[in-house]
Amino acid sequence: MITSGSAAFWRATLALCLGSFMIFANVYITQPLLPMLAQAFEVSALQAGWTFTVTTLTLGLSLLIWGPLSDALGRRWIMLLTMCGATLVTLLLSLIEDYTSMLVLRAIQGVLLAGLPAIAIAWMGDEFEREAMLLAVGLYIGGNSLGGISGRLIGGFVGDWLGWSQAFLVMTLLSLVCLVVFALLLPASKHFQPQPVQPKRMLADLGCHLRNPVLLLAYLVGGFNFFIFINQYSYITFVLADAPYNLPASVLGMLFLTYLTGTFGSAISGKIGQQLPQPLCMALGVVVLMTGTLLTLSSSLWLIVAGFLVNSFGFFFAHSSASSWVSQNAHHARASASSLYLLFYYTGASTGGFYLHPFWEWQAWSGVVVASLLVLTLTLTLSLVLYRLQQGRLRAAVA
C-alpha cells in the first residue's frame with residue numbers, strides 16, 4: 001500500500017490532482033460566460049444557466065455507470081478513455097454556432113467528465129493507506145477547486161478578449177496537456193481486485209449503500225451543500241454584471257479566485273479530520289458557509305467577495321470531510337459508494353438553480369440568501385445527527 005510522504009504517494013496524488021483540475025476546469029468554463037451566452041443566443045438567464053446545469057446533471061447521472069464499471073473492469077484505463085473523449089468534445093464546442101448544439105455537446109461532455117471523479121477516490125481507497133488517503137483526498141479536492149478557478153478565469157478572460165468560442169479552444173489545449181501528464185504519472189493499480197460485471201449485484205450494492213444511514217447522511221450533506229454553494233455563484237454573476245457594479249466577464253471570472261480558500265480548506269481537512277470526528281468537521285464547514293452567505297448581503301463589492309471567500313473555505317472543508325468519510329465507511333464496492341456521493345453532489349448542482357430561481361424572482365439576491373440559509377440549516381442538522389450516530393456506534397463497539 002502507498003504510504004504518505006513516499007515518492008509513489010506524491011506521484012499518484014499529483015496525477016489525480018491534475019486530472020481533477022482538468023475535469024473541473026471543463027465543467028465550470030461557462031459560468032462566467034452566462035451573461036455573454038444569454039446575449040449571444042438571445043436566451044434568458046435561467047436558459048443560459050443550462051449550459052452549466054446540463055453538464056453537471058449528466059455528469060452526476062453517469063457516475064452510476066462509471067463507478068460500478070470500474071469495480072468490475074479496472075480504474076486507470078476508464079479514467080484515461082473518458083478524459084480523451086471530454087477533451088475532444090471541448091474542441092467541438094469551440095466550433096458550434098447554435099444554442100441547441102451547445103446544450104447537446106455539454107450534455108455529452110458531462111457523461112465523459114464523470115469518468116475520473118467516479119473512480120479517483122476509489123482508486124485511492126485501493127492503493128493508499130488510511131492516513132495517506134486522508135491527505136490525498138484533501139489535496140485531490142483542492143485540485144477540483146483549482147480547476148474550477150482556472151476554468152472560470154479562462155472563460156472570463158478569453159471570452160471577454162476573443163469571444164466565448166475561443167475560450168473553449170484554449171480549454172482544449174490545457175486539457176490535452178493535463179491528459180498527457182496524467183497518463184505518464186499515474187501508477188498502475190496493484191491492489192485492485194476486479195468483480196464480475198453483474199448488473200443485479202451493482203444495483204444491490206447501490207441499494208445497500210443507500211440503506212446505510214452512515215453513508216446516506218453524508219450523501220445528503222454533500223448534495224445539499226453543493227445545491228446552494230455552486231448556484232450562488234451563478235446568480236451573483238447577474239448581480240455583479242448589472243448596475244451599480246457593471247462588471248465585465250473577465251472581472252466576473254476573477255470572482256472565482258475565491259475558490260482559493262476552498263483549496264486551502266480541502267488541503268487542511270485531512271489533518272483536522274485526524275483530530276476531530278469527521279461529522280463535526282462537516283458541521284463546522286456548514287457553519288462557516290452560513291456565515292459567508294450572510295456577509296454577501298452587503299452592498300459593498302469587497303464584502304461580497306469576502307463572503308464568497310468564507311463560503312468557499314467552509315464548503316470545501318465540509319465536502320472533503322464528507323467525501324473521505326464515504327470512502328472510509330464503505331466496506332465494499334467503494335467506487336459505487338463514491339459514485340453515489342457524487343450523484344447527490346452533482347444532482348444538487350443541477351437542481352439548486354431551479355430551487356433558488358423563485359427566491360431570486362421574489363427578492364433578488366436577498367431572496368437567494370434566505371433560500372440558502374434554509375437549506376444550510378438542514379445540512380447542519382444532518383451533520384450533527386451523523387455525529388450522534390457515530391458516537392452511538394462507538395459506544396456500542398466498546399460495550
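Quick note: the coordinates plus some simple rules give every number you see, no bench work behind them. Here the structure is a predicted model, which means the values were calculated and not measured. Here the Cβ positions follow ideal geometry from the backbone for every residue, glycine too, while neighbour counts run over all protein chains shown.
For region 307-360, which positions are under 12 Å from the mean Cα position of the chain (by Cα) and more than 17 Å from I141 (Cα to Cα)? If the condition is that a residue be under 12 Å from the mean Cα position of the chain (by Cα) and more than 17 Å from I141 (Cα to Cα), then T347, G348, S350 are the ones that fit.
Name the single residue that is surrounded by the most Cβ atoms within 10 Å (Cβ to Cβ) among those in region 84-137 being of a type in the set (D, E, K, R) and more than 30 Å from G273 (Cβ to Cβ). Per the stated criteria, the residue is R106. Please verify whether region 51-59 includes one or more residues that are in a helix (DSSP H, G or I), hydroxyl-bearing (S, T, Y), out of contact with any Gly (no Cβ under 7 Å at 6 or more places or on another chain) and under 12 Å from G110 (Cβ atoms). Yes, because at least one residue in region 51-59 is in a helix (DSSP H, G or I), hydroxyl-bearing (S, T, Y), out of contact with any Gly (no Cβ under 7 Å at 6 or more places or on another chain) and under 12 Å from G110 (Cβ atoms). Among the residues of region 332-339, none qualifies, meaning not one is over 23 Å from P196 (Cα atoms) and not aliphatic (A, V, I, L, M). Look through region 160-204, keep the residues that are basic (K, R) and part of a helix (DSSP H, G or I), and return whichever of them is nearest to T13 (Cα to Cα). Checked region 160-204; the qualifying residue nearest to T13 (Cα to Cα) is R201. Among the residues of region 26-46, those identified as without any contact (Cβ under 8 Å) to a residue 12 or more places away in the chain and outside any loop (DSSP other than H, G, I, E, B) are A38, Q39.
The set of residues in region 324-340 being closer than 11 Å to A122 by Cβ and part of a helix (DSSP H, G or I) consists of V326, S327, R334, A335, S336, A337, S338, S339.
Against the criterion of being more than 30 Å from M202 (Cβ to Cβ), in contact (Cβ under 8 Å) with a residue 60 or more places away in the chain and of a type outside the set (K, R), S366 qualifies.
If you take the residues of region 188-204 that are of a type in the set (A, V, I, L, M) and over 23 Å from Y140 (Cβ atoms), which of them is surrounded by the most Cβ atoms within 10 Å (Cβ to Cβ)?
Here the answer is M202.
For I65, the criteria (1) in contact with a helix residue (DSSP H, G or I) (Cβ under 7 Å, 6 or more places away or on another chain); (2) of a type in the set (A, V, I, L, M); (3) surrounded by fewer than 24 Cβ atoms within 10 Å (Cβ to Cβ) hold in every case but one, which is (1). As a summary of the residue check, M171 satisfies the conditions (1) surrounded by fewer than 24 Cβ atoms within 10 Å (Cβ to Cβ); (2) touching a helix residue (DSSP H, G or I) at 6+ places or on another chain (Cβ under 6 Å); (3) under 30 Å from Q39 (Cα atoms) except for the one numbered (1). Kindly establish whether L185 is within 24 Å of the chain's Cα centre (by Cα), crowded, with 18+ Cβ neighbours inside 10 Å and of a type in the set (A, V, I, L, M, F, W, C). For L185, the condition - within 24 Å of the chain's Cα centre (by Cα), crowded, with 18+ Cβ neighbours inside 10 Å and of a type in the set (A, V, I, L, M, F, W, C) - is not met.
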